[in-house]
Every structure is written in structure tokens, then in C-alpha cells.
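S.K.: Before I ask anything, here is the structure I am working with.
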């Protein structure tokens, strides 16, 4: 039967304590009646293969409606793999700050280099929400945050912050179901991702399509306005088509001039896999030209004031923005340029992808192919190098 207040008020005690289960939608919900006539609510559940009872409060201090609600809330906690008795009568709900910490910790564990930048951007615009329980955040909160960013003229940044917040809440939802998190002292108890309801500003985004022509590559290669270090960085980007971070954060120990191989470890690549690149004659010349500027630093491009860290990526971007010999471009455009112009001279896309360390997601590449393609990469880059040298020689 389904409990009612009339039923509870009319129930009679027996010589010993006994329990009555409700036959309804709230699984395990019941009442315990003592020999003295006291009535308390409980929920029966199984945890670690054992039957357990959880006290929901004494009637009538706790109403029947409140007891039902406590039963449902406790069931949610159990479904998340948490024993309500070991966690206490109330499990703490994680705050927005806890949600951000969980996100940043996940980024650092998975080797994401931008964790501190993400933390800075979210903190900058969302710090006033940090003390709120994460499960109280609504689409209105998200909308207001993004509106503030857009008002200061940063539409692209608003999209970035939206993406960070969306990922934060996704990981918060995963957190409560992750067996590794069962020892945590809080849960987020998120039923929805509040960012889903807030649309991305599509008008602020544009897919890059800038690829330098061979004539522009020639002008850029021979530009004299850049410092020697930045000039060499640009030439290495044009030779290998790498990500700017892969070039300017390179270390001396990655270069093997005996084997003529540049070996980028998984900690420095986006797909977390080794990237082996051949050191061709032109690359060797560029590294030799760069060496006097490396000082005693382990980095090829040491910071201006410290040998212990490389230059900042933004420094390269700022330097490139001052180039006037060709139309405006950004470092990422050089990667697109190499991909495009290598194709023009007949280098197959699969080889261009391997040189640029793009993820290959076909079954064969993902699970079976462990060949390094170093010989094929060398032949392809030598072909591309020949084109660059011919451009330089036509001055």
C-alpha cells in the first residue's frame, strides 16, 4: 500500500519493533515502528553486496512528503556510487570553484598545456560565481557572463569562455559517475549542462583560409625586419609546417645531429605521440645559425630575461604582426601554407598529415601501424626544401 498520514497516525505498535515497506514508486521506502509506538522513515538499499538501512527521520517531525523527498535524494547519491552512511547524512555539493578545480586538474593530468590560461580566463569573468553550488547555475548565469565579455568587444573570447564552461560542466557530470571519484567529499549533482541552452556566437568565428602564395613565401623568407631568432623560427615553421609551440618550445636534447632526427616527445605534441622529423640540410643550417643565440639555455628559443624557459608564443605573434612585406597573417597560417603548397608540388596528403602530426583516425593507423615513416618524411621534406631553396635563389 501507499503510505498516507491517516495510515501513519492509525498504525499500532507490536511487542517488538517491526518494519513496513511501501509498495510504490520509491524503491526501498518504508517505516519502522518501535514497541513504544515511535515511527521513523527509512530506505533500504544494497551497497557492496550488503543490505543496509538509511534513517530518513522520525514522524511527525519529518513529514511524509519530506521523507519521500529525502528518499529520492538519497537514491541519487547511491546511484552515484556513494554510500550515504559513510558520506554522512548530507553530501556536500561542490561549488563552481570546485568545478573549475576539477576541470584544471583533468587538463593537467591529460597534459593540456593551456590549463593555466583556461584557469585565468574563467577566473577573470566568473569569480563572482565561485562560492555558489555548481548545481544552482542556470543558463541565465552563463548568458550574463558571456554578455559582459561581448560588451567589452571580445566576441571571440566569449566563445572561448563558453567552451571552457561547457567542458567544466561536462566533467562535473562525469565526476559524479566516475568510480575514481568515490572518495571525494563532495558531488556536483548536476542533471543538465546549463551551457547547452546558451548558443555559440557563430558570427564571431571564421575558419581560417589564409595560405601564403609562393611569391609571399619568397618575400617572407627574405624579410629583414624580424630579429634573427624570430626569422629562423618563421623559416622552421615554413619548412616543417609545425605548430608554433612545437618550434619555439623546442629543446636542444630533442635534436640528434648524428642520426639527423628531431624527436618531439609526447609531452610536447597535441596528440600525445612521438613525432620524428628528419633534419634536412636546410634545417641543419637553420639550427646552426640559431645556436649562438641559445646562450646556455636548454631551449632553442630562450626567453628574453631567463634561460630557464622558452619565449612566449605571443611574442612570435607580435613580431609577425609587424611584418609589412606581405599582407597580414598569423603563425597558424604558416601551417596551412605548408599543408597547401606541399600538396601543390605533389606530396600526398597522408604524408603531409604525418609530417604535421595530424591525428590519423582510421583503424589501421590507430591500432596497427607503428612504422615511423621517417624515410618517407625525409624524402617529402627534401622535395619541399628544394622548392624553398629555389624560391630563395630567384632573388
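No value in this document is a laboratory result; all are computed from the given coordinates. Small disclaimer: the values here were computed from a predicted structure and weren't measured. Cβ placement follows ideal geometry from the backbone for every residue including glycine, while neighbour counts extend to all protein chains displayed.
S.K.: Angle between the Cα long axis of helix 374-393 and the longest principal axis of the chain, 0 to 90 degrees, nearest 10?
M.R.: 50 degrees
S.K.: Rank 211, 65, 359 by mean-square fluctuation in a GNM of the chain with C-alpha springs under 10 angstrom and give only the top-ranked residue.
M.R.: Checking each option, the largest mean-square fluctuation is seen for 65.
S.K.: Go ahead and run the numbers for FRET between residue 225 and residue 327, Cβ-Cβ distance against an R0 of 22 Å, rounding to 0.05.
M.R.: Numbers: r = 15 Å, r/R0 = 0.68.
In this case the efficiency is close to 0.90.
S.K.: Separate question: For Cα Rg over 2.2 N^0.38 Å, several values are listed as (1) 1.01; (2) 1.09; (3) 1.45; flag the one computed from this structure.
M.R.: Recomputing Cα Rg over 2.2 N^0.38 Å here picks out (3).
S.K.: So how do 76-82, 167-173 stack up, highest first, on mean other-Cβ count within 10 Å?
M.R.: 167-173, 76-82
S.K.: Moving to a separate point now. What percent do you get for the relative contact order of the chain when only Cα pairs under 8 Å and 6+ apart count?
M.R.: It rounds to 11 percent for the chain.
S.K.: As a test, work out the antiparallel percent of DSSP beta bridges whose residues both lie in the chain, rounded to the nearest 5.
M.R.: Among the beta bridges of the chain, antiparallel pairing accounts for roughly 95 percent.
S.K.: Could you please tell me the mean projected area of the C-alpha convex hull for the stretch 5-88, averaged over all directions and given in square nanometres to one decimal?
M.R.: Averaged projected area of the stretch 5-88's Cα convex hull equals 5.9 nm².
S.K.: Please build a GNM for the chain, connecting alpha carbons under 10 Å apart, and tell me which residue among 273, 200, 124 fluctuates the most.
M.R.: Highest fluctuation of the listed residues: 124.
S.K.: Give the relative contact order (percent, whole number) for the stretch 95-148; include only Cα pairs under 8 Å separated by 6+ residues. Before the final figure, lay out each step's value.
M.R.: Numbers: 26 pairs, mean separation 26.7, N = 54.
Once divided by the residue count of the stretch 95-148, the mean separation gives 50 percent.
S.K.: So, one more: Given the peptides 321-329, 216-224, arrange them by the average over their residues of other C-beta atoms within 10 Å, most packed first.
M.R.: Ranking the peptides 321-329, 216-224 by packing returns 216-224, 321-329.
S.K.: Follow-up question, since we're still on this one. If you line up the long axis of helix 228-240 against the longest principal axis of the chain, both from Cα atoms, how many degrees apart are they, to the nearest 10?
M.R.: 80 degrees
S.K.: Report relative contact order for the stretch 30-109 in percent, whole number only (criteria: Cα-Cα under 8 Å, sequence separation at least 6).
M.R.: 17 percent
S.K.: Take the alpha-carbon centre of the stretch 65-87, take the same for the stretch 317-395, and report the distance between them in whole Å.
M.R.: 56 Å
S.K.: Given R₀ = 22 Å, what would the calculated FRET efficiency be for residue 215 paired with residue 314, taking r from the Cβ atoms and rounding to 0.05?
M.R.: On the way: r = 28 Å, r/R0 = 1.28.
Computed FRET efficiency for residue 215 and residue 314: 0.20.
S.K.: Which three extents, in angstrom, do the Cα atoms of the stretch 58-208 have along their principal axes, listed largest first?
M.R.: Extents along the principal axes, in whole Å: 63, 33, 24.
S.K.: Can you tell me how much longer the chain between residue 371 and residue 61 gets when fully stretched, taken as 0.36 nm per residue apart minus their C-alpha distance, in nm with one decimal?
M.R.: 104.5 nm
S.K.: Hey, any idea what the orientation-averaged projected area of the convex hull of the stretch 214-393's Cα atoms comes to, in nm²?
M.R.: 10.4 nm²
S.K.: Taking the Cα atoms only, what angle lies between the long axis of helix 115-126 and the longest principal axis of the chain, rounded to 10 degrees?
M.R.: Tilt of helix 115-126: around 60 degrees.
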